[in-house]
Structures are given as C-alpha cells and as structure tokens.
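What follows is a single structure, written as structure tokens, with notes after it.
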Amino acid sequence: CATEDGGSLVVDLTNEATALPGYKKKTLADFYTSQGAIVVDSFLAANLVGGTPSSRPEDLEVHPRTKAVFIAYTDHIAGGDGYPDSRIFQTAKLNADVDAKQPSGGIYKIIENSADGTGTSFRWTRFVESGEAGADDGAGFANVDNLAFDTKGNIWGVTDMSTSQHNGFRTGAEPTERTIDHTDTGATSSLVGVYGNNWVFYVPTSGPNAGEVIPFAYGPVRCEITGPTFIGDTLIVAVQHPGESVPIGAGQPPLQRDIEILNLDGSLFTQSRTVPLGSNWPSSLPKADGGDGNPSGPPRPSVVGIRRKSGERLV
C-alpha cells in the first residue's frame, strides 16, 4: 500500500489488523495531491483501489481498426513487488507431464464496452499463449516483448528470451549446457532454450488464420530484437547486443548439443543442434547490405529496415 510520504507499506498477516483500517473508506485523493503523482506511482495506486495484479506487461498496442488493446506479457513469474493474479496468469508449470502448460508469457486482449475509449468496463481474453506448440495452450513462442500492428491489422511480436538460456547454453567464453527436462515443474525457464535465438513473428487478428503464430525472422546469436515499428510497409527493428557475453564469432568452434523438444502431438523427440559461439553480425555482411564485408569484424547493435523490393505489403 502507498503511504502519505510517498513510500510503501507491506501489509501481511502480521500487521493487517492495525494497518488496513487506515485505508478503508479512503480515495486516492487522500494519498495523492495530483493526477500526475498517481500516474508516476501507478502500481501502488492501482493496489489501493483494488486493481487486479497483472503479470509482467512489456508493451501495449491499440488495434488500428477495432481499438482493442493488446498486451505483451513477457513472463508470468512473481517479482519482489507482487504476484500476478493466479485466476488469470499461470505462474508455474504445475505438473510433470511433458506437454503441461509452460508459463512463459503471452499476448492478451482487452475490449472496452465503448467504441470511443470512454467505457468504464471491459472484457479480456488470452489471444495467444506462450509454450511450445505441442504443450497445453502453447502457440509456439516464449517471452514476447514488444508489439506493433501493420496496415492489415496483423500484430507483430519480438521475443526477449534471456541470452543465458539461448539454445540451452549459458554465456561466457566456455558456456556450459543447461538441463532441458520437460518433466520439470515450477518456473522452468530453461525450457525456453528449445526456441534458439530471439526472433520475430506475426499473428493475424482476423480471417481464417487468426491467432496463428507465423515465424518471420531470426536474430543473430545472443541478441535481443526489439522496438518493431512500421513506416508504411517497411518493418523497422533494433538488434541489441548480438554475441552478448561471448567472444567474437570468427575462428571460434561452434557449440553442439542435443535438445529435447515437443512434437505437435505432445510427445518428445531429440534434436541435434549446432550453433555459433559468438557473432560477427553485421560486420560480416556485404557492404551493399550494410555490413563491412569483414568476416572477422566485431558484432554491433544495429537498426534494420525490412521491406519488399516490389513495394508490396510485407505479408
């Protein structure tokens, strides 16, 4: 709860009998002097008025046609400032079934009861959920981070899987393997290693393929792809920290390992995977494509524009 001096007070079973009466029959005006202060302190203010504790929202975008609000939840793991409402967000893998639900975020949708944004109530739905496509409710991605809409109303997402999980390897000059075991329960963050690098996908919001996750682009090793933006029919994305916390890629032997992955029918198979230890992107690209033509050059964060040469829509 918020306090009069702008701090916070943890209310638990040991002090609720004495602490809670001071908050009953109060409004936000009893704790904040301005709307600006409420916005700055929005998390605590929302708790004061009984707001539903959310997961980890990383981005919100409004559909250009329907005006529905789409929210990217990067994960559902509880943090030091609270716990998501478990009636809405599943915060852990609850049983040892290999195809049990994997709680690694999702895209949720809010529809107001008005067309002009003045509504005081809404309904919500899970648009697409994280998890391998063979897992319960899984749409085939993890840790969605940022969103953008194209001119057709497709929603585009980029992922922010920790680089210390990519392809089941930790970071460093001699990264060790992480155990990927689909019978694990709990947070099971190591399961995101099955997806490889961070990547870009889009999801139609209408038509026969609505709700289907369609892969579009794959980032360099140990990067994060972020900030998708459309300028006309050109997609702009930022590629952050390619080759993070590992040596420059040229001349380094690749990493190899076997990874267990879910089939679409919920059974397991083993994939043998070979991935670069580090990166030389974009130095290794031809100069005509924005690189240096230097296969031994350093990796660099970059901003990339993607379009069709024909000038047609991207998808």
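Values as computed for the structure displayed
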{"read-out": "Alpha-carbon centroid distance for the pair the stretch 105-136 / the stretch 220-254, whole angstrom", "value": "29"}
{"read-out": "Coil-residue trypsin sites (Lys or Arg not before Pro) of the stretch 87-187, DSSP, other Cβ within 10 Å capped at 10", "value": "Arg87"}
{"read-out": "Extension gain from Lys26 to Lys67, taking 0.36 nm per residue of separation minus the Cα-Cα distance", "value": "11.4 nm"}
{"read-out": "Label corresponding to semi-axes √(5λ) of the Cα gyration tensor in Å when calculated from the structure given, among (i) 33, 21, 20; (ii) 44, 19, 19; (iii) 37, 25, 21", "value": "(iii)"}
{"read-out": "Net charge of Cβ neighbours under 11 Å - reference Ser206; Lys, Arg +1; Asp, Glu -1", "value": "+2"}
{"read-out": "Restricting the stretch 229-315 to GluC sites (Glu not before Pro) in coil, as DSSP defines it, with at most 11 other Cβ within 10 Å", "value": "Glu312"}
{"read-out": "Farthest toward positive dipole pole in the stretch 176-315 [+1 Lys/Arg, -1 Asp/Glu at C-beta], among Gln240, Ile306, Gly196", "value": "Ile306"}
{"read-out": "Burial ordering of Asp150, Asp181, fewest other beta-carbon atoms within 10 Å first", "value": "Asp181, Asp150"}
{"read-out": "Rounded to the nearest 20 debye, dipole of the stretch 98-220 from Cβ charges on Lys, Arg, Asp, Glu", "value": "220"}
{"read-out": "Cα gyration tensor category, rounded, prolate or oblate, for the stretch 228-315 with a/c compared to 1.5", "value": "oblate"}
{"read-out": "Between the stretch 262-315 and the stretch 138-217, the alpha-carbon center distance in angstrom", "value": "15"}
{"read-out": "Nitroxide proxy distance, nm - points 7 Å out along Cα→Cβ at Ile231 and Leu94", "value": "4.7"}
{"read-out": "Relative exposure of Leu255, Leu285, Leu264, judged by other C-beta atoms within 10 Å (fewest first)", "value": "Leu264, Leu285, Leu255"}
{"read-out": "Dipole magnitude of the chain, debye to nearest 20 (Cβ charges: Lys/Arg +1, Asp/Glu -1, about Cα centre)", "value": "780"}
{"read-out": "Value of relative contact order over the chain, rounded to a whole percent, pairs C-alpha under 8 Å and six or more apart", "value": "12"}
{"read-out": "Surrounding net charge for His241, when Lys and Arg each add one and Asp and Glu each subtract one, Cβ distance under 15 Å", "value": "-2"}
{"read-out": "Interchain or long-range residues, amide H under 5 Å from Val128's placed H", "value": "Ile107"}
{"read-out": "Contour minus Cα-Cα distance for His241 and Thr120 (0.36 nm per residue)", "value": "39.4 nm"}
{"read-out": "Residue order, fewest to most surrounding Cβ atoms within 10 angstrom, among Phe122, Phe70", "value": "Phe122, Phe70"}
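Throughout, read-outs are computed from the coordinates displayed, never taken from laboratory work. Treat the numbers as computed from the prediction; the structure is a model and nothing was measured. In this analysis, Cβ positions are derived from the backbone assuming ideal geometry, glycine residues included, and neighbour counts consider all displayed protein chains.
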